[in-house]
Amino acid sequence: MNPRLHLLLSLASLASLASFASFALAAGCAAPPVAPLQASAAASALPAAALPGATAPITYVVKAGPRAEVLTVDMTLPPGPARTFRVEEAAASFVRDATFVALSGRGAAEALSAEGDTLRVPPCPGGCRVHYRFFLDEAAASLDDVGYAAERNGAYLAPPSTWLLQPLSGVPDPDVGRFRLRVDTPPGLRFVSGLFRAPDDPSVYEARLSDLPRTPYAAFGVLQRFEVAAPGGVVDVAVLPGAIDVDHDHLRRWVDDAARGISTYFGRFPVPSALVIILPTPDGRPGFSTALGNGGASVIARIGRSTTTEALARSWELTHEFVHLSFPNLHLRHSWLEEGLATYVEPIARARLGIIKPEEVWRGLALGLPKGLPEPDDRGLDHTPTWGRTYWGGALFCFLADLEIRERTGNARSLDDALRAIVAEGGNISVRWPIEQALDVGDRATGVTVLSDLYARWKDRPVDVDLDALWRRLGVRLAERRVFLDPSAPLAAIRDAIAAGPPVSRAP
Ligand SMILES: [Zn+2]
């Protein structure tokens, strides 16, 4: 099944987390912009974060089997009424042997019976513990999707949302309530997750309950790991088993380039930590990558076996995904802004590092932006989810906004300032924002209401753009797929500032 469609179907049924259904939690799909398509009680208890007045978190302690083929999960619930739980809908049949025991008194464990694909936990005034097993090997064979459960080269890829029982009812406010997760693996086996770590305990992950239906990517396996430091954050890289020709030094340089490009553009690395899972594939080039947030930040990056170091250094995909890390999840109908930003910012971020030349930025825009113009049946950006309008229509929005901010502020402010402010206010892939919030934060940073005004004009109706006139003002001329930049064009200074970046005095 199409993962995004599947996601929508799954989320639509999570009544208690209804606000979730409308967000683009499959965030950041990474379709290329150049082509159309994408235990014992004592041992199990985790210390709860002791915030006065806060509801105690739900805690999960997970033990992986020898190859992680089976996960044994102990879920500890704070005192509360009857609650219903379910794992990711498509994985419900892989939850087995669920039992329940009250933490107060000396009751024996009782079997929990399933009602459909949900489990009902009786009221537990003194708190209780649910124990179950999750058959990850069966889920991976059945679902075979890295966003849900899949086996690749002996490792399992499966976000916690696939194997953690999530509350469907009985939780007052999933945006306030939190969960904590610890995963224990046998010697030689590793677990990695893009979830953020708890502030008081780096061995534990912690996020909001409302993040549980679509947590960041995670993997179990014989993984090789290294870290890449970035300003304001760290990238945790996990290389899955499988042969690739490029060595770890070049992988490190590739991740470092993408992280530096993003940190330079956005003023800092957008999240305190991000997981990059490198998935070797049998083909010959860097491939389709995807990003996933909600309580953390993660990317799966595919690298073909015979990818050369040169091809890796030139590839754009990881920078595109890192732009997704740098912006909040929006409602599904605004995917055009998430993808448009990634499409527009990625080459600029690489040009500012000197990885590509400014001419390449302008050549890409000159060839790509016409694909983002409205077609005859267009109903505005919020209502026309075609490939062209999503990637290049969104990029056109960002490009015009950047130009107008620069023109109205004498090139003193730009889209950079708007996006930096959004990151500075915590707007990154770990959270979900209404689009208006993001545009408002951006507008306040630039001092002009370009983003909100442009959105109001473009969201519900097609707006044509005279790109030829724009290229003339900018001094960008495309001839036989080569681009020529005219230094005497009226907007030459703005054009050059876009690819060159802010003056040194404004750099981080
Ligand atoms: Zn994307």
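Restricting attention to the stretch 386-425, report how many residues are basic (Lys, Arg) and either buried (at least 22 other Cβ atoms within 10 Å of the Cβ) or touching a Cys at 6+ places or on another chain (Cβ under 6 Å) (or both).
Keep residues of the stretch 386-425 that are basic (Lys, Arg), which gives 389, 406, 408, 413, 420.
Narrowing the set further to residues that are either buried (at least 22 other Cβ atoms within 10 Å of the Cβ) or touching a Cys at 6+ places or on another chain (Cβ under 6 Å) (or both) leaves 389, 406, 420.
Selection size over the stretch 386-425: 3.
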(request) From (1) within 31 Å of the chain's Cα centre (by Cα); (2) loosely packed, with under 13 Cβ neighbours inside 10 Å; (3) at pLDDT 95 or above, pick out the condition that doesn't hold for Ala507. (result) (3)
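Can you tell me which residue among Ile300, Ile262 is within 16 Å of the ligand (Cβ to nearest atom) and within 12 Å of the chain's Cα centre (by Cα)?
Numbers: Ile262 fails: within 12 Å of the chain's Cα centre (by Cα).
None of the other options fit; the residue is Ile300.
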(message) Please go through the stretch 297-334 and give me each residue that is outside any strand (DSSP E or B) and open to solvent by 20 Å² or more (accessible area, probe 1.4 Å), ordered by number.
(response) Arg305, Ser306, Thr308, Thr309, Glu310, Ala311, Ala313, Arg314, Trp316, Leu332, Arg333
(request) Would you check which residues across the stretch 303-320 are closer than 17 Å to Val239 by Cα and either of a type in the set (Gly, Ala, Ser) or within 16 Å of the ligand (Cβ to nearest atom) (or both) and list them? (result) Gly304, Ser306, Glu317, Leu318
(request) Give the number of residues within the stretch 259-296 that are under 28 Å from Arg178 (Cβ atoms), assigned to a strand (DSSP E or B) and either open to solvent by 10 Å² or more (accessible area, probe 1.4 Å) or modelled with pLDDT under 95 (or both). (result) 2
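Do we find that Arg363 is part of a helix (DSSP H, G or I) and under 26 Å from Ala492 (Cβ atoms) in this structure? Spell out how you get there, then give the answer.
Details: part of a helix (DSSP H, G or I): yes; under 26 Å from Ala492 (Cβ atoms): yes.
For Arg363, the condition - part of a helix (DSSP H, G or I) and under 26 Å from Ala492 (Cβ atoms) - is met.
Any residue at all in the stretch 39-46 that's part of a loop (DSSP other than H, G, I, E, B), modelled with pLDDT of 50 or more and more than 16 Å from the ligand (Cβ to nearest atom)? If you could, list the steps in order and put the result at the bottom.
In the first step, residues of the stretch 39-46 are kept if they are part of a loop (DSSP other than H, G, I, E, B); the result is 39-40, 45-46.
Now narrow it down to the ones that are modelled with pLDDT of 50 or more: 46.
Applying the additional criterion that residues be more than 16 Å from the ligand (Cβ to nearest atom) yields 46.
Yes: the stretch 39-46 contains one or more residues that are part of a loop (DSSP other than H, G, I, E, B), modelled with pLDDT of 50 or more and more than 16 Å from the ligand (Cβ to nearest atom).
The values are calculated or read from the model by the stated rules, or taken from the named source; none is laboratory data. For clarity, every value in this text was computed on a predicted model and none was experimentally measured. Heads up, the Cβs are rebuilt from the backbone with ideal geometry, glycines too, and the neighbour counts pull from every protein chain shown. Just so you know, the surface numbers come from the protein's heavy atoms only, side chains and all, with ligands and any DNA or RNA stripped out. Shrake-Rupley method; radii C 1.70, N 1.55, O 1.52, S 1.80 Å.
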